[in-house]
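The next block holds one structure in the form of structure tokens; read it before the comments.
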Amino acid sequence: MDFEDTPEEAAFRQEVRAFLEAHATLRTGTDADWSRGNVATDPDQQAEYVRRCQEWQRTLYDHGWAGLAWPKAFGGAGRSPAHQIIFNQELAVFDATSGFIGAAQQLVGPPLMRHGSREQQARYLGPLLRGDEGWCQLFSEPGAGSDLACLATRAVADGDEWVVNGQKVWTSAAQHADFGILLARTDPDAPKHKGITFFIVDMRSPGIEIRPLVQATGLTHFNEVFLTDVRIPAANVVGEVGEGWTVARTVLASEAGMIGGAGQSSTFDAVLALARECERTADPLIRQRLADVYIRERIIKFLGYRMQTAIMHKRGTPPDPSVLKNFFTTTLSRRVELAVELEGAGGMLAGSDAPQDGFWQQQVMAQFSSRIGGGTNEVHKNMIGERALGLPAEPRADKDVPWRDLPRS
Ligand SMILES: Cc1cc2nc3c(=O)[nH]c(=O)nc-3n(C[C@H](O)[C@H](O)[C@H](O)COP(=O)(O)OP(=O)(O)OC[C@H]3O[C@@H](n4cnc5c(N)ncnc54)[C@H](O)[C@@H]3O)c2cc1C
């Protein structure tokens, strides 16, 4: 692992820092930081958060920092993934984020660049990079989550259109999205991983009903989406008909890396500030737990450096994204649970009655979502076992059985 930048990396880092210093302020590690998460249940405050995310994305775009590692042909800056890592490392100390817009770019950009038609690339990638159009991911269903390939939403060809019927669930930001990436079954007689097709769907199409789901945090991060006789032009198929699983894998790989990569941003300072405010820093058990969180956040940072070294110098194997994802989510849990305990009796309150307007209480309730979204921790453990440790794969008796014959709930 290299801790020192090469001269080229150091020059690039300086350039990034100069840009960030000119356009953003440093994080304070307190609730004054707008970018530390959208915790407002009030619609006006939520809208303000979304507006600031869009504004930051536009600032990135206008100054040539959007799509840093995307090829120039697709409107990106044509830099390497290692440059993106350096950018993220520097950004982590600044009070700025593009929130779900950045996430949408990581989910939608790679499949369109790799598998999309020229027309699709020309139509969608530019507005995606500018943050002008919102996207959602219509993959999970009530009967298909970890075992996504079981999905039952049906698409039937009708002339030069497809007619789609089914239900999706846990669809993040569907209520704000202009378009969705959709997986639907086009051949029920093929085994479950075959016969799936990947579509782009206009979220304003007749027949789409979006029902927001209110979470324990009070936020409506995700939705149920019902599709009834929704018509999608054949030109909106991404890749080949029946080969949607290949396209979906591009999305899933990018998603796990994205959630693990979120670990670049440390919030240890915020927990330490809280411990000081609550006058708990002399307590030896609290000190131990603060040290534990600090050490874990450093390890996440060093895993990031290992990734950067492997990518930049093509030396060694980068850490598996599943390792990063699971380590990040377990660290997050330890950090937020410590924060609420630091607040003592006040930690039992919620909303504006609680310290910091209930920020840490919301984080405790929200911690489970990061352990589930983008593949559950258990599923990622399976992947670590199979890919990183070379253990025998899980038995997959249904792999070659036609989807139509599989038992389903
Ligand atoms: C915050 C958040 C945002 C999300 N956003 C989206 C989105 O935008 N679009 C979208 O399509 N989906 C989204 N999801 C859904 C997410 O991908 C699924 O929740 C996830 O894949 C798990 O599926 P499931 O909920 O059906 O649980 P299940 O698959 O039913 O799992 C239930 C339990 O069984 C365990 N389990 C299942 N299979 C195995 C196995 N083989 N080995 C060991 N344990 C196993 C799981 O770990 C889990 O504990 C989101 C979820 C969250 C929490």
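Just so it is clear, none of the values below were taken in a lab; they were calculated from the coordinates. Source: prediction; values computed, not measured. Note that we place each Cβ from the backbone using ideal geometry, even for glycine, and neighbour counts take in every protein chain shown.
Over the chain, what is the relative contact order in percent, taking alpha-carbon pairs closer than 8 angstrom and at least six residues apart?
Value for the chain: 15 percent.
Which residue fluctuates most in the GNM of the chain (Cα springs below 10 Å): I286, I208, I101?
Most flexible of the set in this elastic network: I286.
Angle between the Cα long axis of helix 118-130 and the longest principal axis of the chain, 0 to 90 degrees, nearest 10?
Rounded to the nearest ten degrees, it is 20.
Between the helical axis of 81-91 and the dominant principal axis of the chain, each derived from Cα atoms, what acute angle in degrees is found, rounded to the nearest 10?
40
What residue among A282, A234, A253 has the largest mean-square fluctuation in a Gaussian network model of the chain, using Cα springs under 10 Å?
Of A282, A234, A253, the Gaussian network model singles out A282 as fluctuating most.
Which one, L252, L389, L227, has the greatest fluctuation when you compute a Gaussian network model over the chain with C-alpha springs under 10 angstrom?
Result: L389 has the largest fluctuation of those listed.
Lysines within cross-link reach of K325: Cα-Cα under 23 Å, excluding same-chain residues under 8 positions apart?
K301, K314, K381
Round to the nearest 10 and give me the degree value, 0 to 90, for the angle of helix 268-277's Cα axis relative to the longest principal axis of the chain.
40
Counting only other residues whose beta carbon sits under 12 Å from that of L26, what net charge do I get with K and R as +1, D and E as -1?
Values: positive: R17, R27; negative: E21, D33, E90, D95, D269.
Local net charge: -3.
Which whole-number percent gives the relative contact order of segment 135-249, counting Cα pairs below 8 Å spaced six or more residues apart? Don't skip to the answer; put the middle values down first.
Details: 286 pairs, mean separation 33.8, N = 115.
Taking the mean separation of contacting Cα pairs over the length of segment 135-249, I get 29 percent.
If I stretch the segment between H313 and S333 completely, what's the gain in nm (0.36 nm per residue apart, minus their alpha carbon distance), one decimal?
Working: separation 20, 0.36 × 20 = 7.20 nm, distance 3.33 nm.
Length gained, H313 through S333: 3.9 nm.
How much length is gained on full extension from E341 to E15, taking 0.36 nm per residue of separation minus their Cα-Cα distance? Before the final figure, lay out the partial values.
On the way: separation 326, 0.36 × 326 = 117.36 nm, distance 4.07 nm.
So the chain would gain 113.3 nm between E341 and E15.
What number in nm² do you get for segment 191-252 if you take the convex hull of its Cα atoms and divide its surface by four?
Average of the hull's projected areas for segment 191-252 equals 5.7 nm².
Give me the extension gain from E394 to D132: residue separation times 0.36 nm, minus the current Cα-Cα distance, reported in nm with one decimal. Could the numbers behind the result be given before it?
Working: separation 262, 0.36 × 262 = 94.32 nm, distance 4.23 nm.
Residue separation times 0.36 nm, minus the Cα-Cα distance, leaves 90.1 nm.
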